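Below: one structure, written as structure tokens.
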Amino acid sequence: CRCRALLSRPAGALRARRGLAAGPEMHFGFQTVTEEERREKIYQVFENVAKKYDVMNDSMTLGIHRVWKDILVHKMNPCPGTLLLDVAGGTGDIAFRFINYVRSVRKRQLQRKLKHHQNLSWQEIFESYQKDEFNSLGDSQVVVCDINREMLKVGKEKAQHLGYSEGLSWVLGNAEELPFDDDKFDVYTIAFGIRNVTRIDLALQEAYRVLKPGGRFLCLEFSHVSNPLLSRLYDLYSFQVIPVLGEVIAGDWRSYQYLVESIRQFPPQEELKAMIEDAGFFKVDYENLNFGIVAIHSGFKL
Amino acid sequence: EEEEEMEVEMEGWHQLYPGHIPTSPLQKALLAAGSAVMALYDPYRHDMVAVLGETTGCLALPNLRDKMKNHPEGYRILRERPRICLSTLDMTRLQGLPDGSLGREYVRFLEDNKVSPDTRMPPKFVDDEELAYVIQRYREVHDLMHTLLGMPTNMLGEVVVKWFEAIQTGLPMCVLGAAFGPVRLSTRKLQVLATELVPWAIRSGLNASCVLNVYYEQRWEQSVESLREELGIFPPP
């Protein structure tokens, strides 16, 4: 049966699984390639899928990816004034959620402030309201950083279309070598991006570097399902349905074949936790969503 | 002389020809259903029509291949594997041929309808290298079908050609295209289709010998009329 061949993992690729510089050979899905080839191929994958990225996410996960991203931002629980760096943020999903969250927190803050100022005159209340209205984000900012120009382009267009303008910056950059100074950000997020980084250890080190002391690292990524029955159903769905969806919706089978293979190649929860600890983070923890299909890893720079 | 099988093993994949994507039966079924829906939903997705043809052609393609094998000209085509694309066609020479010749009329058709022979999708999901060539040949010969039948590339013309091809090849994709294509036509066109064009296409399709058994590249000078007579295609209404 051909699908057996598609599901089995060749021995050579296991060696390069950790994403460390294990010699010049690395994995690209189930293929073995050099580091440079891998970066090239991944760049091309996202260049091809950029326009259909959001549609495909909705189709493949039946819209559930939106819930996962909501949970990530809720877990972050940012207060106004937070400076967020969203790496591999491409089409802006986390950035927009962050802005929405901070806006609603800010609104409640302002409402509470007004309630406490019962003895002010109407004129004074009106003036303070006007002043704060111009600061609906409370000085919060999010920098969206992505290595792929096409993804950033789609993200910027989306922002314009949805009406997001203030507090948002778009930067072209590599997670393994961020174009930012040390100790700059309050929170660092990477949602469904770290899997595509060629040297995960470098990306984690960079995350540590650019975070302020007290800053938080949050990673949302596909992970491993330990339940055997669920794992088989998940594999079946991943390998049989997802590439078909890729071909029918985006006209691109191979990119989505790469996607499901790269998920299998990515380190499981405990291994990723160890790698995050290696980079210097403390209180590293993870939370499984949907039985481990997705996991949120969190760590602090102290 | 046996064909050398190009087996490129990509980590458990069994690629039979460049561009080949091996698929399980379940994947083929899902692809067939998905591409059918997408092709109807978005008629500009020509790649979906191609995928539908490949995933549903498992019975018709071997049939077609055997018809070719059992015919001297078809057999030569299978062996020599000619391709109709801009790099293999001598456009200037074809344009210089007299009016009414296959070559001249074919080029005229390409110019009038602003199409190019290079826009045909290479096969991906056919799990046999020879059958992949057969479907590729069918796609490349499609424009010649338009020329022989005298049909333009608008919706009406395409439907008529699909009816003809459905009878000739038995490919489920042609049958579906012939059946569902008219859905998007106006009533006036539907009338013309039903009363004149489709009956003619069916009669010609049944009467004509297999159109894939014609080595078109060696017949550019032949007049369209004489080729029609030779094949058994009735003059268009």
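The values are calculated or read from the model by the stated rules, or taken from the named source; none is laboratory data. All of these numbers come straight from a predicted model, not from anything done at the bench. As a convention, Cβ positions derive from the backbone with ideal geometry for all residues, glycine included, and neighbour counts pool all protein chains shown. Each accessible area value is taken on the protein alone, full model and side chains, heavy atoms only, with ligands, DNA and RNA left out. Shrake-Rupley method; radii C 1.70, N 1.55, O 1.52, S 1.80 Å.
Listed here are the residues, each with its yes/no results for (1) among the β-branched types (Val, Ile, Thr); (2) under 25 Å from residue B:69 (Cα atoms); (3) under 15 Å from the mean Cα position of the chain (by Cα).
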| site | (1), (2), (3) |
| --- | --- |
| B:159 | yes, no, yes |
| B:163 | no, yes, yes |
| B:172 | no, yes, yes |
| B:181 | no, no, no |
| B:185 | no, no, no |
| B:217 | no, yes, no |
| B:237 | no, no, no |
Review point. Across the stretch B:35-58, which residue is farthest from the other protein chains (Cβ to nearest Cβ) among those that are closer than 18 Å to residue B:132 by Cβ, hydrophobic (A, V, I, L, M, F, W, C) and in contact (Cβ under 8 Å) with a residue 60 or more places away in the chain?
Key: B:49
Exercise for review: Return the residue satisfying two criteria in turn: it lies in the stretch A:221-274 and is of a type in the set (Ser, Thr, Tyr) and loosely packed, with under 15 Cβ neighbours inside 10 Å, and of such residues it is farthest from the other protein chains (Cβ to nearest Cβ).
Suggested key: A:226
**Study point:** Unmet criterion (only one of (1) away from chain A (no Cβ under 14 Å); (2) surrounded by 14 or more Cβ atoms within 10 Å (Cβ to Cβ); (3) more than 15 Å from the chain's Cα centre (by Cα)) for residue B:99
**Key:** (2)
Review point. What is the one condition in (1) surrounded by fewer than 18 Cβ atoms within 10 Å (Cβ to Cβ); (2) modelled with pLDDT under 90 that residue B:75 does not satisfy?
Key: (2)
Point to revise | Selection count where residues are closer than 17 Å to residue B:224 by Cβ and not in a loop (DSSP other than H, G, I, E, B), scope the stretch B:127-154 | key: 9
Review point. What helices (runs of 4 or more DSSP H) completely inside the stretch B:158-229 contain at least 1 residues that are buried (at least 21 other Cβ atoms within 10 Å of the Cβ) and of a type outside the set (D, E, K, R)?
Key: B:172-180, B:198-207
Check your understanding: Just one of the numbered conditions (1) part of a loop (DSSP other than H, G, I, E, B); (2) within 14 Å of another protein chain (Cβ to nearest Cβ) is not true of residue A:48; which one?
Key -> (1)
Check your understanding: Inside the stretch B:47-72, can you point out the residues that are under 13 Å from residue B:174 (Cα atoms) and open to solvent by 40 Å² or more (accessible area, probe 1.4 Å)?
Key -> B:49
**Study point:** Residue identified as outside any helix (DSSP H, G or I), of a type outside the set (A, V, I, L, M, F, W, C) and either in contact with a Cys (Cβ under 8 Å, 6 or more places away or on another chain) or surrounded by 18 or more Cβ atoms within 10 Å (Cβ to Cβ) (or both) among B:124, B:114
**Key:** B:124
